[in-house]
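Trainee: Input: one structure, supplied below.
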Amino acid sequence: MILEQVKKTGDIKNIDKKDLPILAEEIREFLIDTLSHTGGHLASNLGAVELTMALHRVFDVDRDRIIWDVGHQSYTHKILTGRRDDFETLRSYGGISGFPRIEENPADAFGTGHASTSISAGLGMVSARDLKGQDYSVISVIGDGSLTGGMVYEAMNNASNLKTNFIIVLNDNNMSISANVGGMHDHLVRVRTSRGYVHLKEGVQSFLEKIPFIGEGMVRFIRRIKNGIKQLVIPGMIFEDLKIMYIGPVRGHHIEDMEKAFRRAREYEGPVLVHVITEKGRGFVPAQRHPSRFHGADPFDKEKGLPLISKKPSYTDIFSTVMRKMGDRDPSVVAVTAAMMDGTGLKRFHNLFPDRFFDVGIAEEHAVTFAAGMAVGGMIPVVAVYSSFLQRAYDQILHDVALQKLHVIFAVDRAGLVGSDGATHQGVFDLSYLTSIPNMVVMAPKNKYELSDMMKWAVLYKDGPVAIRYPRGEACVAYRDERADIKLGKSEPMKTGGKVLLYAIGSMVDVAMKARKILSASGIRCAVTNARFAMPLDKNYLKEAGGRYDVIYTLEENVRSGGFGEHVSDCLYSLGYTGRVGIISVPDRFIEHGNAALLKKKLGLDPEGVAMRIKKEVKSVR
């Protein structure tokens with residue numbers, strides 16, 4: 001087995017060229033086998049195997065810096081840097097991350113998890129290298145999906161004046177998580193299909209190499225011809241127009257071709273982009289046919305390509321159903337997403353109402369301001385986005401939406417602890433950053449029925465923006481009978497009694513109800529209230545509760561700082577409350593990867609953990 005010969009960084013340089021295709025297939029087999037048990041980003045990694053091998057053969061990974069945009073295609077990189085034996089712990093608590101992390105391995109040059117950042121980070125490293133007089137290569141590997149992010153063009157515009165080497169590798173597989181959209185996608189399609197230009201350029205270069213001396217006039221003439229052909233065959237050639245040398249397209253599953261291209265790129269004095277064509281999911285038919293499904297896969301049957309565990313409806317599924325129904329009832333409802341049609345559950349809406357569905361690419365800032373413009377134009381935009389991605393558009397939410405009190409609805413998916421994707425994806429900050437914005441209504445449902453009710457309420461609410469945050473995974477189906485009408489800023493008392501109140505929001509309502517049972521068995525009677533609104537707070541209820549309860553605990557799946565609990569505590573004390581307030585929340589730190597249920601237990605956010613804390617602190621209070 002060739003893969004057994006690769007135990008540490010640099011070992012791949014010792015593999016005979018004729019054995020490289022075998023090694024590539026062994027890596028794919030290893031990834032398919034391992035991820036069928038652990039889950040993880042399969043399709044993107046299968047497509048980047050030969051690309052990673054070529055990079056590791058041409059560059060010195062101990063010295064040179066490879067930056068993986070997003071990082072969900074870095075598994076082969078981890079294997080080639082001595083972490084293959086750790087893959088059974090992939091994305092599990094205490095195990096290796098599914099993304100590059102500086103603290104995990106020196107070969108991980110930059111920690112990533114979000115898209116469109118690698119060129120900016122790479123350019124920064126190049127500038128630091130040059131200022132310190134050092135000599136190493138910097139390579140930013142970016143997917144074509146990430147090119148829809150505006151940060152990329154800010155970085156390329158900045159890089160255009162660079163006079164020293166900086167290599168950008170464009171891993172072009174025609175996909176991000178969902179199919180790519182927009183002008184850059186169309187441009188790359190033209191480049192991929194323009195083989196005539198590539199063959200002509202290669203032929204001219206081969207011819208010139210055979211001529212011992214060429215006059216300066218002839219060089220200028222050839223350049224004019226080349227530029228004319230370039231503009232004729234590949235309209236725009238945006239990279240070279242930005243003064244970034246373009247090499248490609250290169251066959252992304254042909255290691256020798258890529259090695260030649262990377263060596264050429266390394267010698268260029270300035271920014272250079274190597275355009276590599278790959279196939280997402282290569283080597284595993286189910287992933288090739290359904291790359292979106294295998295972007296972030298749960299454990300699966302590797303023979304059939306089907307999930308091992310049948311899933312119950314998730315909050316995303318409920319949102320999908322509600323959006324379809326609202327689309328039927330109200331023609332002014334439109335959906336906006338940032339390259340996450342499948343992930344956010346908007347595929348059905350897209351299929352039924354294609355003219356009212358807008359995928360803007362990986363461009364959350366644009367998505368929000370775009371939605372603001374649609375709201376001014378009389379539509380009701382629903383921006384569906386993951387919590388950890390929405391934070392990229394904080395200024396746009398504040399300045400373009402909330403300041404103008406525009407009717408934009410934010411469906412904030414993956415709020416709270418998301419588990420295996422780890423610190424870059426944990427949605428534990430949205431209550432803090434959204435409730436800091438004036439005019440913003442922030443809600444969280446306790447179960448699937450309340451999510452439906454909140455979405456319908458938000459469509460009818462005309463006085464400003466509404467954010468509804470809901471967690472990843474299986475939707476809670478309990479408490480169906482507790483379904484009071486939604487009213488702005490009004491809580492929902494669920495259980496009364498005792499001198500202790502558990503004032504919970506969103507996913508923590510179920511935790512509070514279960515903790516109440518545990519505490520009751522210990523002789524501590526508690527009331528439970530579903531806050532529903534993180535902003536505006538239910539001041540009338542809190543004033544009443546302050547006169548009834550000696551201890552009030554807030555429960556939220558968000559960091560403490562600036563979160564729901566701090567707002568409630570400030571409100572209670574401003575109302576003259578003299579009792580004790582306890583805030584049960586995610587600690588103010590980045591939370592590592594691991595099973596979400598396990599993380600909640602470790603953080604004391606499960607029913608047993610909540611009950612244990614209250615027992616210790618309340619003791620004799622009944």
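Read the figures in this text as sums done on the coordinates, not as results from a lab. All figures in this text were calculated on a predicted structure; none of them were measured in a lab. Quick reminder, even Gly has a Cβ in these numbers, built from the backbone with ideal geometry, and neighbours come from all protein chains shown.
Trainee: Between Ala128 and Asp463, what FRET efficiency comes out of the Förster formula 1/(1 + (r/R0)^6) with R0 = 41 Å and r the beta carbon distance, rounded to 0.05?
Mentor: 0.25
Trainee: OK, next. For the stretch 81-132 and the stretch 522-552, compute the distance between their C-alpha centroids and round to whole Å.
Mentor: Each part's Cα centre sits 44 Å from the other's.
Trainee: Using the 10 angstrom Cβ neighbour count as an exposure proxy, how do Lys602, Lys302, Lys448 rank, fewest first?
Mentor: Listed from fewest to most nearby Cβ atoms, that is Lys602, Lys302, Lys448.
Trainee: Let me ask something additional. Give the residue list of chymotrypsin sites (Phe, Trp or Tyr not before Pro) in the stretch 546-600 that are DSSP loop and have at most 14 other beta-carbon atoms within 10 angstrom.
Mentor: Loop-located and lightly packed - Phe590.
Trainee: What Kirkwood hydrodynamic radius, in Å, does the stretch 492-618 give when the mean of 1/r is taken over all pairs of distinct Cα atoms and then inverted?
Mentor: By the Kirkwood definition, the hydrodynamic radius is 14.5 Å.
Trainee: Could you work out the local net charge near Lys539, counting Lys and Arg as +1, Asp and Glu as -1, over the other residues with Cβ closer than 12 Å to its Cβ?
Mentor: Its environment carries a net charge of -1.
Trainee: Any idea which of Thr34, Ile255, Gly547 is furthest toward the positive side of the dipole for the chain, if Lys and Arg beta-carbons carry +1 and Asp and Glu beta-carbons -1?
Mentor: Gly547
Trainee: In the chain, with Lys and Arg counted as +1 and Asp and Glu as -1 at Cβ, which of these residues, Tyr433, Ser507, Gln391, has the Cα nearest the positive end of the dipole, that is, farthest along it?
Mentor: Farthest towards the positive end: Ser507.
Trainee: How many nm is it between the label spots at Arg266 and Leu242, if each spot is 7 Å from the Cα in line with the beta carbon?
Mentor: In this crude label model, Arg266 to Leu242 measures out at 2.5 nm.
Trainee: Please find the FRET efficiency linking Ser332 to Ser436, where r is the Cβ-Cβ separation and R0 is fixed at 35 Å, and quote it to the nearest 0.05.
Mentor: For R0 = 35 Å, the calculated efficiency reads 0.75.
Trainee: Would you list Leu273, Leu431 from fewest to most Cβ contacts within 10 Å?
Mentor: Leu273, Leu431
Trainee: Could you tell me what fraction of 2.2 N^0.38 Å the Cα radius of gyration of the stretch 315-469 comes to, as a two-decimal ratio?
Mentor: The value comes to 0.93.
Trainee: Show which lysines lie in cross-link reach of Lys311 when reach means a straight Cα distance below 21 angstrom and same-chain residues fewer than eight apart are skipped.
Mentor: Lys302, Lys347, Lys446, Lys448, Lys600
Trainee: Turning to a different aspect of this structure: Go ahead and collect, in residue order, the members of the stretch 63-107 whose backbone nitrogen is under 13 Å from a label point 7 Å along the Cα-Cβ direction of Met1.
Mentor: Taking a point 7 Å out along Cα→Cβ of Met1, the residues of the stretch 63-107 whose backbone N falls under 13 Å are 84-88.
Trainee: Shifting gears a bit: What is the fewest-to-most order of Met612, Met151, Met53 by other Cβ atoms lying within 10 Å of their Cβ?
Mentor: Fewest to most other Cβ atoms nearby, the residues stand as Met612, Met151, Met53.
Trainee: Then there's this: Longest exposed-loop-site-free stretch of the chain, with GluC sites (Glu not before Pro), DSSP loop and at most 13 other Cβ within 10 Å?
Mentor: Maximal segment without exposed cleavage sites: 304-622.
Trainee: Continuing with this model, one more query. Place a point 7 Å from the Cα of Asp135 along the Cα-to-Cβ direction; which residues of the stretch 246-268 have their backbone N under 14 Å from it?
Mentor: Counting only backbone N, you get 267.
Trainee: I'm a student and want to see the number: the projected area of the Cα convex hull of the chain, averaged over all directions, in nm².
Mentor: One quarter of the hull surface, i.e. the mean projection, equals 31.2 nm².
Trainee: Identify all aspartates and glutamates with a Cα-Cα distance to Lys619 below 15 Å; exclude those on the same chain that are fewer than 8 residues away in sequence.
Mentor: Asp550
Trainee: For the modelled label position 7 Å from the Cα of Leu603 along Cα-to-Cβ, which residues of the stretch 92-120 have backbone nitrogen atoms closer than 15 Å?
Mentor: Residues 93-94 qualify, since their backbone N sits under 15 Å from the label point.
Trainee: Taking 0.36 nm per intervening residue step and subtracting the Cα-Cα distance, what contour gain separates Lys405 from Asn158 on full extension?
Mentor: Extra length available between Lys405 and Asn158 comes to 85.4 nm.
Trainee: Could I have the simple spin-label model distance between Glu256 and Leu306, label points 7 Å from Cα toward Cβ, reported in nm to one decimal?
Mentor: Calculated label separation equals 4.3 nm.
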